[in-house]
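No value in this document is a laboratory result; all are computed from the given coordinates. Predicted, not measured: the structure shown is a model, and the values here were computed from it. Reconstructed Cβ throughout: ideal geometry from the backbone, glycine too, with neighbour counts over all protein chains shown.
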Amino acid sequence: MIIENKKVVSVNYHLTVNENNMEVLVEKTDAEHPFVFLFGAGGLLEAFENNLKGKQVGDSFDFKIEAENGYGLVDEDSIVTIPIEAFKAEDGSIDEEMVKVGNTLPMTDNEGNRLQGVVEEITDAHVRMDFNHPLAGQDLRFKGIVLDIRDASAEELAHGHVHGPHGHHH
């Protein structure tokens, strides 16, 4: 059986990025906790799936995805300055454990969309936050092995995701 649309695929991989000419581990799976997904369901990076298409159980892989085809380039418009008042409680205080440089905060934009932003700077007047994906601007390297391939069930196809072990549970 090969990896193609409507197949449930289990892979074990290491995801790294290059920082200062060194490979830095971002994420890794293992045989006990593989990455299991419904191939062709549209929930993954297209370039990730393209690099796995046609592989079989036991095949290894080692490929890079350029930033443009991964999580995109850094968008300067996604780095915003928000007035400090937006972070103040009714008594005028700021939760300094929550609002500090390097922390990721859940936010909502003017249209009610939920976003995650990283605090980059705090001044008396504003908080500068980066709403780019954490891997924006990074070339990704996936190295691993295909562990299992099976036909998706009718229910998995209807729901668009994997059910059961390592998948979604209702």
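Here is how the numbers come out for the structure above:
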item: Linear extension gain, Leu157 paired with Glu27, 0.36 nm per residue minus alpha-carbon span; result: 44.1 nm
item: Length-normalised contact order for region 76-130 - Cα pairs under 8 Å, 6+ apart - percent; result: 40
item: Order of Val146, Val57 under a 10 Å beta carbon neighbour criterion, fewest first; result: Val57, Val146
item: Taking Glu85, Glu111 and counting other C-beta atoms within 10 Å, the order from fewest to most; result: Glu111, Glu85
item: Value of relative contact order over region 1-95, rounded to a whole percent, pairs C-alpha under 8 Å and six or more apart; result: 26
item: Percentage relative contact order, the chain, counting C-alpha pairs under 8 Å, at least six apart; result: 35
item: Glu90 paired with Asn20, simple spin-label distance in nm, labels 7 Å along Cα-to-beta-carbon; result: 4.6
item: Most to least packed among 88-101, 125-138, 29-42 [average Cβ atoms within 10 Å]; result: 125-138, 29-42, 88-101
item: Ranked Ile2, Ile65, criterion: other C-beta atoms within 10 Å, fewest first; result: Ile2, Ile65
